[in-house]
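Worksheet for the structure shown next.
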Amino acid sequence: MTTGSPLPTAPKRSRARTLIPLSVAAWLVLEIWLLTVVAGAASGFTVFLLLVAGVVLGSVVIKRAGRRAFRNLTETLQRQQSGGTPAQRRGSSGNGFLMLGGLLLMLPGLVSDAAGLLLLVPPVRSFLGRYAERSLERRMSAAGAGSLGDAFQQARIHRPDGKVVQGEVVREDTRPAPRRDDGLRPPLTP
């Protein structure tokens, strides 16, 4: 006997899944257009030098931020091993945004270079850090209580159409049945 429940329809495409590819494509077109405009105004060699300088500066920034993060990690681990309490840094140095700035500098293009240079400015990094922290705290407080396992359980038992399927899996034997090998097998054909 069938229940007569409607078949699940395809879920609607989220706004982010539509806007992110479009914004990436627009960003790429803007980068290429801006490079051609600068190459026309100055020269192709100047654009090449700008791109190489961005890669070099970005790699230096990422290397320094990585060393700073590693040094902070080793200091924290040494303090914990010696029995001390780890120092709580309010408004940390912003290594994540510093590395993101270096990565943006390494990407070819002038818009990404401008954004990367903007992330190298300490007040911009601290503002973005505070904004990200407030946003994360707001989202965490809005989330319901429970563990990460509860979230996975909830995601697993809900069907795409929103209905909950209750059930239980019962296995009588978890070992696979022994396979009987009769010897020769037919050859594989393409």
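The values are calculated or read from the model by the stated rules, or taken from the named source; none is laboratory data. Since this is a predicted model, take the numbers as computed values, not measurements. Cβ: placed from backbone, ideal geometry, glycine included. Neighbour counts: every protein chain shown. Remember, those area values only see protein heavy atoms, side chains included, never the ligands or the DNA or RNA. Shrake-Rupley method; radii C 1.70, N 1.55, O 1.52, S 1.80 Å.
Tabulated data
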| quantity | calculated |
| --- | --- |
| Pair list, Cβ under 6 Å, 6 or more apart: the range 59-83 residue in contact (Cβ under 8 Å) with a residue 24 or more places away in the chain, other residue surrounded by 12 or more Cβ atoms within 10 Å (Cβ to Cβ) and of a type in the set (A, V, I, L, M, F, W, C) | I62/M99; A65/L98; A65/M99 |
| Near pairs, Cβ below 6 angstrom, 6+ apart or cross-chain, from the range 120-144 (assigned to a helix (DSSP H, G or I)) to any residue that is of a type in the set (A, V, I, L, M, F, W, C) | V124/L118; R125/F97; L128/F97 |
| Filter result for L119 (open to solvent by 60 Å² or more (accessible area, probe 1.4 Å) and modelled with pLDDT of 60 or more) | no |
| Positions within the range 97-116 being open to solvent by 50 Å² or more (accessible area, probe 1.4 Å) and either free of Cβ contacts under 8 Å to residues at least 24 places away in the same chain or under 19 Å from the mean Cα position of the chain (by Cα) (or both), in sequence order | F97, M99, L100, L103, M106, L107, A114 |
| Close pairs from the range 31-53: first small (G, A, S), partner surrounded by 12 or more Cβ atoms within 10 Å (Cβ to Cβ) and part of a helix (DSSP H, G or I), Cβ under 7 Å, at least 6 apart | A39/V47 |
| Among residues of the range 22-45, those that are more than 23 Å from L120 (Cα to Cα) and open to solvent by less than 80 Å² (accessible area, probe 1.4 Å), counted | 10 |
| In the range 46-73, residue most open to solvent (accessible area, probe 1.4 Å) [restricted to those that are among the polar types (S, T, N, Q) and under 26 Å from the mean Cα position of the chain (by Cα)] | S59 |
